[in-house]
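A.B. asks: Pasting in a structure now, in structure tokens, and then I'll have a few things to ask.
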Amino acid sequence: MPTGPDRVHLIAHANPLEPYLPRFGLTTAEEFVALARAHLPRPLRVTCNLRLLKVVEDEWHAGRGDDAARVRDVNAALADPRTLAIVSAAGGAYFTRILPHLDFAPLRRRRHRLWALGFSEMTTLVNHVAAFPRGRGLYWLGPAWIGSHFPPETARAALGEFWRILPELWARRRPERLEHLDLRPIRGTVAQGRVRPGRVRLIGGCLAVLAGAAGGPLRRALRPAGKWLMIEDVKESPYRIDRHLAALKVAGWLDALAGVLVGDFRMTHRDTQDAVIACLRYHLPRGVRVPIVTTRSVGHVWPLAPVLLNRPAVVEVRGAEVTIDTLRLR
């Protein structure tokens with residue numbers, strides 16, 4: 001019998017799972033879950049609420065009609081001492097609105113670590129979990145994202161690899177045997193200021209999602225002062241990026257940052273990363289040259305570097321080139 005948490009809970013509480021299945025050559029959510037169970041090393045076990053994985057999204061009628069059920073599902077996983085990890089299958093939409101109803105208080109009483117994995121719309125969940133001493137938030141691809149980058153047969157193999165290597169990531173080890181996934185550190189370039197080698201803590205994620213929760217309890221939980229803010233997004237025009245940054249500024253997120261990591265920002269037809277930097281120079285405190293580093297390792301990109309949030313990360317600097325490794329320290 002396992003002596004600690006053994007439950008890995010799969011959720012699709014932003015975009016539903018089923019639209020992604022054809023990318024893997026799968027037809028049902030049951031097949032997706034069975035593949036996860038076949039590859040996650042024992043004694044770990046995959047749990048899920050299949051009904052919530054199968055819900056039909058209706059964009060013109062508030063997206064989903066299962067808010068109460070999704071709240072119960074996440075709260076039960078957060079409160080269960082057997083839960084080792086909550087894995088978000090995908091990003092998308094409709095998760096931020098249930099955030100005020102989630103109860104993170106059980107994390108204060110945790111004896112064992114609880115991991116949360118996800119990106120994009122799941123930014124708030126991953127950061128909230130990372131704010132607790134026993135919480136570990138890994139900003140990384142949802143497994144459904146894998147299907148966007150391989151033909152179906154290879155995508156299934158890569159999906160199996162995802163589940164197989166999770167225990168090694170939770171031990172903050174880079175797996176030695178990887179065929180499809182890429183776990184290299186963040187690699188970036190200095191765009192402003194001076195970056196010193198040493199240790200930093202990264203918080204953040206998808207800019208629009210952060211802005212949507214900026215005025216809530218997330219800032220109090222994360223305490224951004226003295227940390228690096230990581231931001232990325234997709235399909236956001238420059239004026240909307242400026243508006244999101246303004247929301248963070250008004251909420252006090254930008255007052256005393258140690259630095260900003262600007263990840264990938266792409267619209268459908270052009271790159272907007274330079275526009276992000278221009279907007280940042282207006283919104284960051286005047287008279288303080290806050291370091292800004294740009295990277296293509298973080299965002300709605302492939303491969304997406306795993307980023308362990310709100311934990312010490314190793315920074316190495318060589319000229320204008322910067323490497324940030326969040327998995328090196330134990």
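Any read-out appearing in this document is the output of simple, stated calculations on the displayed coordinates, not a laboratory observation. Note that this is a predicted model, so its numbers are computed, not measured. Every residue, glycine among them, receives a Cβ derived from its backbone with ideal geometry; neighbour counts consider all protein chains shown.
A.B. asks: Within the set of other residues whose C-beta is less than 14 Å from the C-beta of Ala251, count the net charge using Lys and Arg as +1 and Asp and Glu as -1. Before the final figure, lay out the partial values.
C.D. replies: Values: positive: Arg219, Arg220, Arg223, Arg243, Lys249; negative: Asp255.
That works out to +4.
A.B. asks: Relative to the present Cα-Cα distance, how much length would full extension add between Val317 and Ala225 at 0.36 nm per residue of separation?
C.D. replies: Gain on stretching Val317 to Ala225: 30.9 nm.
A.B. asks: What range in the chain is the longest one free of GluC sites (Glu not before Pro) that are in a loop by DSSP and have at most 10 other Cβ atoms within 10 angstrom?
C.D. replies: Numbers: sites that count: Glu176, Glu179.
Result for the longest clean stretch: 1-175.
A.B. asks: Listing Ile241, Ile11 from the residue with the fewest other Cβ atoms within 10 Å to the one with the most, what is the order?
C.D. replies: Taking fewest neighbouring Cβ atoms as first place, the list is Ile241, Ile11.
A.B. asks: Take the Cβ-Cβ distance between Arg42 and Arg199 as r, set R0 to 35 Å, and report the resulting FRET efficiency rounded to the nearest 0.05.
C.D. replies: 0.50
A.B. asks: Here's something else I'd like to know. Among the helices of the chain (complete DSSP H runs), which have Cα atoms covering no less than 20 Å along the helix axis and a Kyte-Doolittle mean of at least -0.5?
C.D. replies: Going by DSSP H runs, the hits are 152-170.
A.B. asks: Only bridges whose two residues both fall in the chain count here: according to DSSP, what percent of them are antiparallel, nearest 5?
C.D. replies: Here the share of antiparallel DSSP bridges comes out near 40 percent.
A.B. asks: Kindly identify region 186-325 as rounded, prolate or oblate by the Cα gyration tensor criterion: order the square roots of the eigenvalues as a ≥ b ≥ c, call it rounded if a/c is under 1.5, otherwise compare a/b with b/c, prolate if a/b is larger, else oblate.
C.D. replies: Numbers: a/c = 1.33, a/b = 1.09, b/c = 1.22.
It is rounded, given that a/c, with a ≥ b ≥ c, falls under 1.5.
A.B. asks: Net charge within 13 Å of Asp80 by Cβ-Cβ distance, Lys/Arg positive one each and Asp/Glu negative one each, not counting Asp80 itself?
C.D. replies: +4
A.B. asks: Can you give me the Cα centroid spacing of region 27-92 and region 248-298 in angstrom?
C.D. replies: 33
A.B. asks: Now, a different point. How far apart, in nm, are the 7 Å Cα→Cβ label points at Trp60 and Asp6?
C.D. replies: 4.9
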